[in-house]
Structures are given as structure tokens and as C-alpha cells.
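Written out below as C-alpha cells is the structure these notes cover.
The values are calculated or read from the model by the stated rules, or taken from the named source; none is laboratory data. Just so you know, these numbers come straight off a predicted model, no measurement behind them. Cβ coordinates were reconstructed from backbone atoms using ideal geometry, including for glycine residues, and neighbour counts include every protein chain displayed. Note: accessible area is taken over every heavy atom of the protein model, side chains too, but ligands, DNA and RNA are not part of it. Shrake-Rupley method; radii C 1.70, N 1.55, O 1.52, S 1.80 Å.
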Amino acid sequence: MPTILTNLQTVKQRIQRAAQSADRSVDEIRLLAVSKSFNAHAVIEAAEAGQYAFGENYLQEALDKMTKVRHISPGLMLEWHFIGQIQSNKTRLIAQNFSWVHSVDRLKIAERLSEQRPPDFPPLNICLQVNISEEETKSGVSLTRATKIAQQIAALPRLRLRGLMAIPEQESTLEQQRIQYRQIKALYDRLNDRPDLMLDTLSMGMSADLEAAILEGTTLVRIGSAIFGKRKYVS
Ligand SMILES: *Cc1c(COP(=O)(O)O)cnc(C)c1O
């Protein structure tokens, strides 16, 4: 049975190999361990293997897990990233309990997070979620609206806009995966050319397609099943 430790080593080797073929330094690529559906013990096991940044999709599940982790391992310093869909009545608890939010796709949500970020905390790190498929059902702002919303978010006082996040359509070939990631990278570069935006984070790439994302310039991959195993629930 592979353990979280050996899975983490395998994922890091994949990152290293992809970085090498992209002629990039592995230091440019952060690994976010997506622990949704896995318990506090799994998080602690990953932390003991050297992983400290964790991504969660569901607020209540995440808060329960944080409490348990603190109870079992009081000294452990972890960095929590919220990557799930955000309802406006959940923003206060997100602003109070996370260091990063990757899934901001409306100005109203960003305004609430800024207002509700405790004043004695460092600014909340934000990625704007973009949707390149332009499908109505998907979350994320369209490419055409991204610039305006990015500027508006960057102007909010308690937030720090770090970059973009994307969850592309599932594609089966590396080439197809790369096409979508390339479009997001192009938008990221365009935004970063603006004097009012200083972005350093491109959050894209998951267990099935991290190689494509690295080849196209991602700086943060969000990896769940390749580290923790198959999830019991879908999403
Ligand atoms: C679940 C999830 C991931 C991780 O997906 P895997 O395929 O298990 O690596 C990454 N990003 C988001 C937004 C997710 O919801």
C-alpha cells in the first residue's frame, strides 16, 4: 500500500521531471495538498512528510479538520487555502480562518472578504478564478471580464491579489490540456503587464494534468488524489 509519504515523493518527482522538460526551476512551483474528504490524521501524516500548505473546498469540513489538527498536534504550523465555491454567508469564517482563497469569482465576495478580514491579520491572499470554457454552469469570470475585476479586487484594502486560478475542462491528451492552460497563462501575462497589478501566482494543475500545467507556466499545483488516494465522494 502506498503511503502519503511515498505518494508525496512520487508527486514531487513528477513536478521535478515536468519542470526539467519545461526548462524551469522546481522552486517556481508550489505544491498545495488538497485534503478535502480526508481527515485530520491524513493532514498530519502529510505534514510530518514535510507538506505544510493544504487546500479545502468545504468550509465546515475544513473548520472541523483545523480544530482536530490543532488538538492532536498543537505546535503544527499549517497554511490553509480555500479552493471551493463560496457562498456569501460563508465569507466571514473564510476570512478568519484561511491564508489564501483561490476561488473568488465575484467582486461582491472579494468585498466581503476584505471587510471581514480581521485587522490584525496579514492581508488575505487572493486568486481570481477564471473560466476559459465560458460555460454558464462553471464558476469563474470570463476572459473578457477578468481585467476589470482583477483591478477592482487589487484595490481592496485587506486583500492581496496574487494571481489567477483555473479548473479547465477534463481533457485526455497532454496537448489538449496544454491548450487551455496556455490561454490562462496568456491572460496572466497580460494582466501582469499592467502597472496596477503585481501577480506572482498561477494556480492551475491537478493530479491528472500537473505536467501540462507546468509546461505552460503554472506556479502552484493543487494535488488531491495523487497524494491522499481516491476520494469517497465526488468533486
Ligand atoms: C478537488 C480539487 C483539486 C484536486 O483534485 P485531484 O484531481 O484530486 O488532484 C484541485 N483543485 C480543486 C479546485 C479541487 O476542487
Quiz item: For the chain, what D do you get in µm² per second when you plug the Kirkwood radius from alpha-carbon pairs into Stokes-Einstein at 25 °C and 0.890 mPa s?
Solution: 136
Quiz item: Can you give the FRET efficiency for Gln176 and Met198, using 1/(1 + (r/R0)^6), R0 = 30 Å, r = Cβ-Cβ distance, to the nearest 0.05?
Solution: 0.40
Practice problem: Kindly flag which residue pairs out of Lys65/Lys185; Lys36/Lys148; Lys68/Lys108; Lys148/Lys185; Lys90/Lys148 have an alpha-carbon separation exceeding 27 Å in this structure. | Solution: Lys65/Lys185; Lys36/Lys148; Lys68/Lys108
Exercise. Just add up the charged neighbours of Gln87: K/R +1, D/E -1, any other residue whose Cβ is under 13 Å from the Cβ of Gln87.
Key: +4
Quiz item: Once you list every other residue whose beta carbon is under 12 Å from the beta carbon of Leu156, what net charge do they have if Lys and Arg are +1 and Asp and Glu are -1?
Solution: +3
Quiz item: When all protein chains stay in place, what accessible area (Å², nearest 10, 1.4 Å probe) is found for Arg145?
Solution: 130
Exercise. Tell me which residues come under 5 Å, amide H to amide H, from Gly55 once H is placed; ignore anything under 5 positions away on its chain.
Key: Ala33, Val34, Ser35, His81
Quiz prompt | Solvent exposure, largest accessible area first (probe 1.4 Å, DNA, RNA and ligands not counted), of Tyr52, Tyr58, Tyr188 | solution = Tyr52, Tyr58, Tyr188
Exercise. For every helix of n ≥ 4 consecutive DSSP H residues, a contribution of -39,500 (n - 2.57) applies; sum these over the chain, divide by its total residues, and give [θ] at 222 nm rounded to the nearest 500 deg cm²/dmol.
Key: -13000 deg cm²/dmol
Practice problem: For Phe54, Phe38, write out the residues from largest to smallest accessible area, computed with a 1.4 angstrom probe and no ligands counted. | Solution: Phe38, Phe54
Practice problem: Please give, to one decimal in nm, the separation of the simple spin-label points placed at Leu143 and Asn39, each 7 Å out from Cα toward the Cβ. | Solution: 4.5
Practice problem: Please list the non-local residues whose amide H lies under 5 Å from the amide H of Arg30, H modeled 1.01 Å from N, same-chain partners needing a gap of 5 or more. | Solution: Leu220, Val221
Self-check item: Probe 1.4 Å, all protein chains present, accessible-area order of His102, His41, largest first
Solution: His41, His102
Quiz item: In 10 Å bins starting at 0, how do the alpha-carbon pair distances of region 1-65 split up by percent?
Solution: 20, 45, 27, 8, 0
